[in-house]
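For reference, the structure discussed in these notes is given below.
The values are calculated or read from the model by the stated rules, or taken from the named source; none is laboratory data. Everything numeric here is computed off the predicted structure, so don't read it as measured data. FYI the Cβ positions are ideal-geometry reconstructions off the backbone, even for glycines, and counts take in every protein chain you see. Quick note on the areas: whole protein, heavy atoms, side chains included, nothing else; ligands and nucleic acids left out. Shrake-Rupley method; radii C 1.70, N 1.55, O 1.52, S 1.80 Å.
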Amino acid sequence: MNSTLKCILVDDELLGLKYLKMLCEQIENIEVVKSFVDPELFINEINDLEFDFCILDIEMPKINGLQVANLLNNKPFIFATAYKEYAIDAFDLDATDYIQKPIKKERLTQAIDKIKKRLQPTITAQNSYVQLNSDKGKILLQFNQILYITTSASESRDKLVYYQDLSDLTLKNITLDHLTELLPTEDFARINKREIINIHHIKYFHSEEITLDILSKENKEINLVLSEVYKANFIAQISV
């Protein structure tokens, strides 16, 4: 599993923001995707950004860090502030940690370690399920019930899981690359830019298309595209 975590920084003090970015870049497996000195700019871009967690100041103009935290769609966050009095409010919002300025690298590392533990999916010893965020809250995604997974047409950051009984569920804010790492390689294969399939439900395939062994709700064959980019890996997986 790729252990690099992508981080967003929001602080209205430019020098403090630069210092925080420098500290983050000194911590292994942390990538600062973008820094914002204006919280409103972050809010305007939030739906177009791919990140794992956020580090926020609290007292900022226009909109404060507590308000920003409410807009993070269940992404974990750390507050980094000069003030003590917001701690109770912060943890009421389920903040992962609350760091007081001036920030020390050791304290920041401790907070990010908590983020890592929070983001680590819960997987059984038998790799039979994984705990993820969905539109219905936390779910246990049972591997043996999945038919295929596809990117949502309405929101590319979300993924639709189709089960063998043709029911479906929306996974929130997760990439197909991450899902590929979580799913057992002996059971699942990436077949194109948008989809992962359960290889045990392949009825037949040729150079450009895969047909599943379960019919759609309309009683028609489910045909999926086999992309040239993923073809070699797909063939290798099913030939094991």
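Normalised by the number of residues in the range 23-65, the average gap of Cα pairs under 8 Å and 6 or more apart makes the relative contact order 31 percent.
Taking 4 °C and 1.567 mPa s as conditions, the range 170-209 diffuses translationally at an estimated 115 µm²/s according to Stokes-Einstein applied to its Kirkwood radius (Cα pairs). Among the GluC sites (Glu not before Pro) within the range 160-198, those in coil by DSSP and having at most 16 neighbouring Cβ atoms inside 10 Å are 186. Take every Cα pair under 8 Å whose residues are at least 6 apart in sequence, average their separation, divide by the length of the range 1-159, and the relative contact order is 15 percent. Using a 1.4 Å probe on the protein chains only, how many percent of the accessible area of the chain belongs to carbon and sulfur? Percent of accessible area from carbon and sulfur atoms in the chain: 49.
The equivalent ellipsoid that matches the C-alpha gyration tensor of the chain spans semi-axes of 40, 17, 16 angstrom, in descending order. At 0.36 nm per residue, and after removing the present C-alpha to C-alpha distance, how many nm does the segment from residue 33 to residue 71 gain when stretched out fully? Taking 0.36 nm per residue and subtracting the Cα distance, the gain is 11.9 nm. Estimated at 0.36 nm per residue, the fully extended path between residue 25 and residue 185 surpasses their Cα-Cα distance by 54.4 nm. Remark: the chain carries 54 Å² of accessible area per residue (probe radius 1.4 Å; ligands, DNA and RNA excluded).
For residue 172, list the lysines whose Cα falls under 26 Å from its own Cα; do not include residues on the same chain fewer than 8 positions away. List returned: 6, 34, 75, 114, 116, 117, 136, 138, 159, 193, 217.
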